[in-house]
Every structure is written in structure tokens, then in C-alpha cells.
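Working notes for the structure below.
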Amino acid sequence: MGGANGKPQIEYMREVPNTKVNGYSSIYRNPNSKNDLQSDAPSGGKTLYENFMIAYEKYGTVRFLGSRMHKKDGFGEFQWKIYAEVREASKRLGYGLHQIGADEPDDEGHSFVGIYSKNRYEWLVADFACISQNIVSVPLYDVQQAETIEHIVGQTQMKVIFCSEKLTTNLIKLKKQGKIDSIRYIIQFEAVNEQTKQEADEQNLTMISFEGLCNLTKEGEDKPPSPDSWFTICYTSGTTGKSKGAVITHKNMISMMAGMADSGFKNIDFNDVHLSYLPLAHMFDRAVCHFLAGVGGGIGFFSGDIMKLKEDLAELKPTLFVSVPRLYCRFYDTIKQMFDAATGAKGALIRRGLKAKYEEFNETGKLTNKFWDALVFNKVKAVLGGRVRLMVTGSAPIAAEVINFLKIVFSCPIVEGYGQTETCAGSFVTSNLDGESGMVGGAVTTIECRLMEVPDMNYLSTDVDDQGRPAPRGEVCIRGDPIFKSYYKNPEQTAEALDDEGWLHTGDIGVILAHNKALKLVDRKKNFFKLAQGEYVASEKIEIAYSKSFYVSQIFVYGDSLQSYLIAIVVPEEMYIRKEWAHENGYNKDSSFAEMCNDPKLKAKIMEDMAKYAKEEKLLGFEVVKKIVLEPIAWTVDDLLTPTQKLMRFQAKKKYQSVIEALYKDPL
């Protein structure tokens, strides 16, 4: 139904009558949910095995998995395997896994195989092979730290692990150190050379190439899983401690896919192509790939270097682009800086085009304009290959101004989603018809949600918005078939996450918006601390606000309960500072960035810009950072970031403990 201004009015959720109890909001559901919250995946399959097999039978000759071919000077075009070829390869690989005993169950009836690699063709074929033999796949990030690999292998006692040639030496080294004793077979995606084979033999490891395992036997049969069979153990990236292994069943995945299809993704089909570059070890991209595998979609794998993503996009020309806020914010910063720097007739043209498209978008929700797109914005759209018709963001909050700007310049709807590893990634989603941003939309049809009050943080189910309308706030709790089974061998943390009624307590704080019943995330329960005067502070909310500054690349906000104010470690945005600040402050192109970061003038400038965004984001006085230290070296997955680019706070505090003490030692 259209509103007065031509924009569609979206009703994201409905309150379930008579479900309000003390300490909680009412239960909310998608308006299209059935009473039992059941629905079917687009393929009609009840397991991921059936999901793929149905697509294989229907789309056997359709391109499925694509990889860029190596050339002397880099990478060439994508070469594709059709559904029938992928089915044949995964079937034979599954037979090989059975032949080496990879499917032999443990005392609890489960068998585990690891997959340790960047995204590539062989990764998904290995996943399908495990599915065909009812083996639980256990992915490991290619950048996983040694202690985490030791923990995962030790906990699952896996005997077989797939990996790429570059990572084989890591495994042999860990085996030599006695840290992954259970591993008996390494299945290397590439051919195995004699030296590696000999090094493995010395550690009682059998090396087999991917092709060698495919050709190990021609005889065998599939052992299809049931809906309740375990599909995977997905280890969380561990921002607050040791990784936890979320047990995900086939029913969990199928139910999530069904809910997403009902909530706006039914038109994804065999015409669509996706670039897989977000780690498959994370549930986000894995969920996307298995969804596409059931509808005949195409999946092209990036060339392995995130810095060459632009080249991969230009070559693949995907129709879907799935990413995370960190990359979208990079797009926003780069494009906005480019537009702001344009002068003369070109600058005037860009500004007029932006103004015209914003006005049309605000009035009607329309994102395309033939005149201005041809003149200005098609060049921007070409960055993604020129064919993208839908963009998706998830895994962390993103500012409304960033979303709206990117919608305008890419002339494409951007759907915001929210979920967790424990919910198979897809739990809430916005409508691609909605012009409003800054929220995560409504629950998919296969879950229900409610908010649990957090009195210490002043989030209550009785809260109202600035117009006096009911707007309950609290910790987001989710229930339904997509919710994970448990944390593997971790009953204590399972009990913390899942209550007796089956509700998953996410740790995220949300509000149900009065006008459209959408969920908006506003805080994080687990990342807050109390200052000396009793004020509760949510660090992530403050970091998101300050990250809008062009001067800030990364930030770690910290507060000591014995102190009355906040401090922060800031990694400045080097490219922007060199371009906009360095020259006029006496630095040249050869000047070291570390030298700049020691300059009090740069610290003052960054503090000034951060203060501007603190005001814009309406941070309260005790939420404003009072002191900062500049860190010239960006954080990476080798030190303070998880593989999903989230800050490991416990590690950051440990690394900067002396800096923190020094900041608090000096008076304000």
C-alpha cells in the first residue's frame, strides 16, 4: 500500500496478542508467518543434500561454480563448472572420504572433517561431499591463529582436514608440536610434491591431493542426512574469549533459507550470480552460497586477494553483491571524497545529480534516474561490474546516511539484514522496497522475537518514543527452527545463550519502532561497562559514532570503572590524512606516518573532528571520549581483529594496558 508521498508503507512485524509477561516485551512475528512458523525452502528440500540434489536435477547444465584462471600476468576470465560437474566431483570426493574412514562416527555418533582455506571451488565441493556422506564439516579461517586451530581440532578430534597448499605447512608444524594429534589425513587442494609428502610422513600424516581423493574409488553410495542431522560446527570468531562451536543442523539451515525466501528473496534464481569473498568459514557467505545452490544460482570465487576485489567484480559482473559494513563504509568514504574533491563543471554536475536523486528518492523511493545515471552514476555502478540489482549488508550495524548515499550512487536497493552464527545468519531483513534506513527490518517468517528488559542499562519494555508511542527496548531474543542446537561440548555457555523455553539471548539491544514495527539495533549488552559515577557505557555504539569521521580508520574505546571518563586508541585513516592534512602541516610524501601520529597537531585535529561527530550523534557527556592515543599501525587478523574484522577487546586491552594506565595517570 502506498503512502501519501508514493513510498510504500511497510509493516515489518505484528504483536502476538496476550504474550506480554513481566520483564519482556510482547512476542513479535512476521505478518506472513504461519502459526507453527513453518515454511519451505525455494527448492522444496528438507536437507542441504536434497536442496542441492533437486537443483542439480533441474539445472544440471547451468553454470554453478566459477574460478578465475591463472595467467602469467595475473588472473584471466572465470571458468565455470556446471551443476552436473559439481555433483559428480562431490559424489566421488564423498566416496573417497568414506574409503579413508572419514565418516566413522565417534562415541556420540558424529564424524568431523575440517576445511581450512580461503574461499575457492574446492571448498564448496568438499562441503557438498561431507553433506553427501552425512559428515559434519568444521570450517577454519585461513587466517586462524594456531591456538584456535589446536582448540578446534582438539575439541572435535577430527581425523581428516582439507586445506590449500599454502596452509599445509602450518598443519605439519602443528602436528610436529603435538597440537593436532587426532589429524591423520591432509587432503590438499593442489597436487602434493615429494618434499611435502616426506615431511608429512615423518609426522605420521597421510597426504592426498584433492584429485587423488576423487579418484581413490569409483564405487560407493551416498549416505543422505536427515533434517536433524548435524550439518556443521561453526566456531564463532571469539571477540571476548575462546571460540565456541555452534552446532548447526540441516533443519536449522533449511528453515533459515525458507524464512529469507518468504521475506523478500523469492526472486533470487538461476539468473543470479554472486561473488564469494567473505569467508566461507563464517555463516553469512555460507548461507548465501547454499541458498543459491538450491535455486540454480552461480557462485564465482574471488581470486584470493581482497585488494583485487575490484578486478574480480569487473570480470564476474555479479547481479548480487553481499558485503559487510566495513567495506560499504570504505565505498562511502572513497566515493564521497572523490565527489567532494570534484571542482568546476564536473563538481557542479555531481552535486546537481545527487540533489536530484536524493529528492526523488525521498519523495518516491525511486533509485534510478535515466538522465543522471547516464551522466554521473553509471560510472560508479561499474565499480561492482555494472549488473548488480540487489546489495545486502549484514554482520554489524551501519549508518543510515551511508546506506542512503550508496543506494543513490549505485542506483540499487540495499537490504539490511541481521542474524548471528547461532541463527544461521539470516533472522531479520529489510524490504528492498523500503526507502527508510538505519534498522534491520522484521523477523523472517520462521522465527519469532521478543525483547528482554535490561534495567541496568535503562532499557525497558515500557519505553516510548519521542512522540509518546510504545517503543519497547531490550535484549533481542529469538526462537524458531533456525536457532542452533548447542555449543559443542560447552553446556555452560549453551545454557547462557539458550533458555528453558528455547529463546536465544543474542546480547544485542534493540527497539521495536512504533511506526513500522521494525527492529532497530541500538546497543550491545555484553560490551558495556560502568564508570566511577555509575553511568553505563556501550563501547560499540560510541565507536560507531566516531568511526564516521574521515580521520578515524579504527578505534578502541575504553572506560575504567574507577575513572569518570572514556579514553580511546585511534588508528587514523592514513590515506585521508596524507591527502588532506599532511602537506599544510609541513609533511611530504616521504614522511613517515608514525611521525605524523606523534604530532600533537594531528591529535588535536582528530579530537576536533571526533567532537563534531559526538555532537551529531547526540552522545551524552559521559559517552564523549576525553583522551586519545594515535596508533599508526592498523589492526589486522594477525593481532587484534577476528577473521570477521571485529575487534577482540580482551586482546586490545592487554596490548594497550600500559597506554591505558598512562592516559588515566595524567589529569584531564
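The values are calculated or read from the model by the stated rules, or taken from the named source; none is laboratory data. Since this is a predicted model, take the numbers as computed values, not measurements. All Cβ positions, even for glycine, are placed from backbone atoms using ideal geometry, and neighbour counts span all protein chains on display.
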Some residue of the range 172-183 being of a type in the set (Val, Ile, Thr) and in contact with a Lys or Arg (Cβ under 9 Å, 6 or more places away or on another chain): yes
Scope the range 554-586; condition of a type in the set (Gly, Ala, Ser) and surrounded by 13 or more Cβ atoms within 10 Å (Cβ to Cβ); matching residues: GLY559, SER564, ALA568, ALA582
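Test of understanding: among HIS110, HIS151, HIS98, which residue is surrounded by fewer than 20 Cβ atoms within 10 Å (Cβ to Cβ), in contact (Cβ under 8 Å) with a residue 60 or more places away in the chain, over 26 Å from the mean Cα position of the chain (by Cα) and closer than 28 Å to GLN203 by Cα?
Working: HIS151 fails: over 26 Å from the mean Cα position of the chain (by Cα); HIS98 fails: surrounded by fewer than 20 Cβ atoms within 10 Å (Cβ to Cβ).
Every option except HIS110 fails the conditions.
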Any hit, the range 334-342, residues being in contact with a strand residue (DSSP E or B) (Cβ under 9 Å, 6 or more places away or on another chain) and either within 30 Å of TYR121 (Cα to Cα) or outside any helix (DSSP H, G or I) (or both): no
In the range 654-668, residue nearest to SER564 (Cα to Cα) [restricted to those that are touching a residue at least 60 places away in the same chain (Cβ under 8 Å) and not in a helix (DSSP H, G or I)]: LEU668
Residue that is farthest from PRO227 (Cα to Cα), among those in the range 499-516 that are buried (at least 17 other Cβ atoms within 10 Å of the Cβ) and aliphatic (A, V, I, L, M): LEU513
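Could we say that ASN35 is surrounded by fewer than 21 Cβ atoms within 10 Å (Cβ to Cβ) and closer than 30 Å to VAL454 by Cα here?
Values: surrounded by fewer than 21 Cβ atoms within 10 Å (Cβ to Cβ): yes; closer than 30 Å to VAL454 by Cα: yes.
Here the answer is yes, as ASN35 does meet what is asked.
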LEU390, sole failed condition from (1) over 14 Å from the mean Cα position of the chain (by Cα); (2) more than 16 Å from SER323 (Cα to Cα): (2)
Meets criteria (buried (at least 17 other Cβ atoms within 10 Å of the Cβ) and under 25 Å from LEU316 (Cβ atoms)) for ALA55: yes
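Of all residues being free of Cβ contacts under 8 Å to residues at least 24 places away in the same chain and in contact with a helix residue (DSSP H, G or I) (Cβ under 8 Å, 6 or more places away or on another chain) in the range 593-615, which is farthest from VAL659 (Cα to Cα)? Just the residue, please.
At the first step, the residues of the range 593-615 found to be free of Cβ contacts under 8 Å to residues at least 24 places away in the same chain are 595, 599-601, 604, 607-608, 611, 615.
From the residues that got through so far, the ones that are in contact with a helix residue (DSSP H, G or I) (Cβ under 8 Å, 6 or more places away or on another chain) too are 599, 601.
Values: ASP599: 17, LYS601: 20 Å.
Once the filter is applied, the top-ranked residue is LYS601.
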Single condition LEU171 does not satisfy, out of (1) more than 21 Å from ASP638 (Cα to Cα); (2) more than 22 Å from the chain's Cα centre (by Cα); (3) hydrophobic (A, V, I, L, M, F, W, C): (1)
Matching residues, the range 569-594, being closer than 25 Å to ARG649 by Cβ and touching a Ser or Thr at 6+ places or on another chain (Cβ under 9 Å): VAL570, VAL571, PRO572, GLU573, GLU574
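Please verify whether PHE162 is at pLDDT 95 or above and either in a helix (DSSP H, G or I) or outside the structural domain of ALA191 (by TED's automatic domain parsing) (or both), treating the condition exactly as stated. Show your work before the answer.
Values: at pLDDT 95 or above: yes; either in a helix (DSSP H, G or I) or outside the structural domain of ALA191 (by TED's automatic domain parsing) (or both): no.
The answer is no for PHE162.
I'd like the full set of residues that are assigned to a loop (DSSP other than H, G, I, E, B) and more than 22 Å from VAL324 (Cα to Cα), limited to the range 618-653.
First pass over the range 618-653, keeping only residues assigned to a loop (DSSP other than H, G, I, E, B): 618-620, 624, 631-640, 642-646, 648.
Residues satisfying the conditions are LYS618, LEU619, LEU620, VAL624, GLU631, PRO632, ILE633.
Can you name the residue in the range 239-285 that is of a type in the set (S, T, N, Q) and more than 30 Å from GLN157 (Cα to Cα) and, of all such residues, is surrounded by the most Cβ atoms within 10 Å (Cβ to Cβ)? Spell out the reasoning first.
From the range 239-285, those of a type in the set (S, T, N, Q) are 239-240, 243, 249, 252, 255, 263, 267, 271, 276; that's our starting set.
After this cut, where a residue has to be more than 30 Å from GLN157 (Cα to Cα) as well, the list is 263, 267, 271.
Working: SER263: 27, ASN267: 13, ASN271: 13.
So the residue we want is SER263.
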Residue list for the range 463-485, restricted to those being within 16 Å of VAL522 (Cβ to Cβ) and β-branched (Val, Ile, Thr): VAL464, VAL476
Single unsatisfied condition, ASP434 versus (1) in contact (Cβ under 8 Å) with a residue 40 or more places away in the chain; (2) outside any helix (DSSP H, G or I); (3) surrounded by fewer than 18 Cβ atoms within 10 Å (Cβ to Cβ): (3)
Count of the range 301-314 residues which are over 18 Å from the mean Cα position of the chain (by Cα) and either crowded, with 19+ Cβ neighbours inside 10 Å or assigned to a strand (DSSP E or B) (or both): 3
Only listed residue being over 23 Å from SER137 (Cβ atoms) and of a type in the set (D, E, K, R), chosen from LYS244, LYS197: LYS197
Candidate set: the range 443-498, residues that are part of a loop (DSSP other than H, G, I, E, B) and free of Cβ contacts under 8 Å to residues at least 12 places away in the same chain; chosen: the one surrounded by the most Cβ atoms within 10 Å (Cβ to Cβ): THR462
Qualifying residue in the range 82-93 (condition: assigned to a strand (DSSP E or B), modelled with pLDDT of 95 or more and not polar (S, T, N, Q)): yes
